[in-house]
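Remarks on the structure that follows.
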Ligand code: A2P
C-alpha cells in the first residue's frame, strides 16, 4: 500500500491527499488505467457521470472488491451531481444511477458538479453540447439541492457532501444554510491559478479543497477541439524553469514538484494519467519535501490563468453569478 498523506474532513472522515482523476478516459482506457492505479496504491478515485465512464469504473471496482483485492471501506470514491440534474427532484435519480453504474451501495463524497444547471439532459446524457448551443437553467437553487444531499447522507447513500466549481459567494451561501457543512470544494487549482483567497476562505471554514487540473490539464486541448472545433493553447506547467530547477535539485520530476506544492498547502489533488509510470510517479510524493524557499519561489509564479474556463458552454458568461 502506497504511503499517502490523509486529509481529515470536518466530519472526521479521511481522504487521501492524492486521488486518481478519471476525466477524458473512455471505457477501455479507464479499465486498463484504473487497474494500474489500484495496483499502484490509489484508493481515492474521482468520478463523475459526465465523464461517461462510470460503468467501466464500476466493473473494475467490483472485480477488485469481489476478488478480495481491496475492501470497500479502504476505497474513497467521489462522484458528482451533473449539471443537467441540478434540481432537488433530480438528485435521487442521478445519485442512484451513479451508485448502480459504480457498483456501490454508497459514495464517500458526492459533489454538486457545477453551480449552474441545464433544464434537461442534452443528447440523453452528455453535459457538453457539440455545437455549444446551451441553454442554462437560471433557476438553480443551491440551497434546495443541498438539503436533498443532506437527506441522502441521512439515508446512508453518501458519507460526505461538497461542491465543485463554486465561487466564494456561492460556498458562503451553502455554509449559511447548511445543516451538514460542506466537507470539500473541488476547483481548478495549479501553479498558474493558485486560488489563494478561496483556499484561505475554505481553510477558515474547515472545508478541504481538492485541486483539479493540478498539472495543467494538457489533455483539455484535444477535448476542446472535439467539442468546439477550436484550437486552444494551454500553458506548459511542466516546463516552467523554476519548477524544473527544483525538480532537478531534488531528483524528482516537475509533475511531482507541482503536486507536492499542492499537498503541502493542505489541498488534495486528483491528477489524471493513463500511463503506468506517470500515475505511479504522481503518487510518490511523501518521501521528500519542499523547502520554505521552494514554496515561496512557486507562490510568486501565479498568473491567474484559468485553463478550464467553462466558456465552451456558450452563454455561460450571462449567468448572474459568473464567473464561478
Ligand atoms: P498521460 O495520461 O499520458 O500521463 P491534469 O491531471 O492536470 O488534467 O493533467 C493530465 C495530463 O497530464 C494528461 O495529459 C496526462 O497524460 C499528463 N500527465 C499526468 N501525469 C503526468 C506526469 N507525471 N508527467 C507528465 N505528464 C503527466
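Rule-based calculations on the coordinates, nothing more; no lab input. This one's a predicted model, so the numbers in the text were calculated from it and none came from an experiment. For neighbour counting, all protein chains shown are included, and Cβ atoms are generated from backbone atoms with ideal geometry for every residue, glycine included.
Taking the Cβ of each residue in 242, 28, 188 as the centre, tally the other Cβ atoms inside 10 Å and list the residues starting with the fewest.
28, 242, 188
What list do you get for 90, 217 if you sort them by fewest beta carbons within 10 Å?
With the fewest neighbours first, 90, 217 line up as 90, 217.
For Cα pairs less than 8 Å apart in space and 6+ apart in sequence, what is the mean separation divided by the residue count of region 196-324, i.e. the relative contact order in percent?
Dividing the mean separation by the residue count of region 196-324 yields 26 percent.
So how far, in whole Å, is the C-alpha centre of region 100-120 from the one of region 294-316?
25 Å
What is the log10 of I(q)/I(0) for region 215-280, computed with the Debye formula using one identical point scatterer on each Cα and no solvent, at q = 0.21, 0.28 Å⁻¹?
The computed values of log10 I(q)/I(0) come out as -0.96, -1.22.
Can you give the helix-only mean residue ellipticity at 222 nm for the chain, where every DSSP H stretch with n ≥ 4 adds -39500 (n - 2.57) and the sum goes over all residues, rounded to the nearest 500 deg cm²/dmol?
Values: 11 runs with 119 residues, N = 324.
Value at 222 nm, helices only: -11000 deg cm²/dmol.
Counting only Cα, what are the radius of gyration and maximum Cα-Cα distance Dmax of region 163-209, in Å?
Calculated on Cα positions, Rg and Dmax stand at 10.3, 35 Å.
Over all alpha-carbon pairs of the chain, lay out the pair-distance distribution in 10 Å bins, whole %, shortest bin first.
All Cα pairs considered, the percentages come to 6, 27, 37, 25, 6, 0.
Which value results when the Cα radius of gyration for region 226-324 is divided by 2.2 N^0.38 Å?
1.30
Just to confirm my numbers, what's the Cα centroid distance between region 166-220 and region 1-71 in Å?
The two parts, judged by their Cα centres, are 21 Å apart.
For each of 319, 113, count neighbouring Cβ atoms within 10 Å of the residue's Cβ, then give the residues from fewest to most.
In order of increasing Cβ crowding within 10 Å: 319, 113.
Between residue 141 and residue 229, what is 0.36 nm times their sequence separation minus the Cα-Cα distance? Round to one decimal in nm.
28.4 nm
Between residue 31 and residue 167, what is 0.36 nm times their sequence separation minus the Cα-Cα distance? Round to one decimal in nm.
45.6 nm
For the chain, what's the relative contact order in percent, using C-alpha pairs closer than 8 Å and at least 6 residues apart? Provide the component values of the computation, followed by the final result.
Values: 571 pairs, mean separation 65.5, N = 324.
Once divided by the residue count of the chain, the mean separation gives 20 percent.
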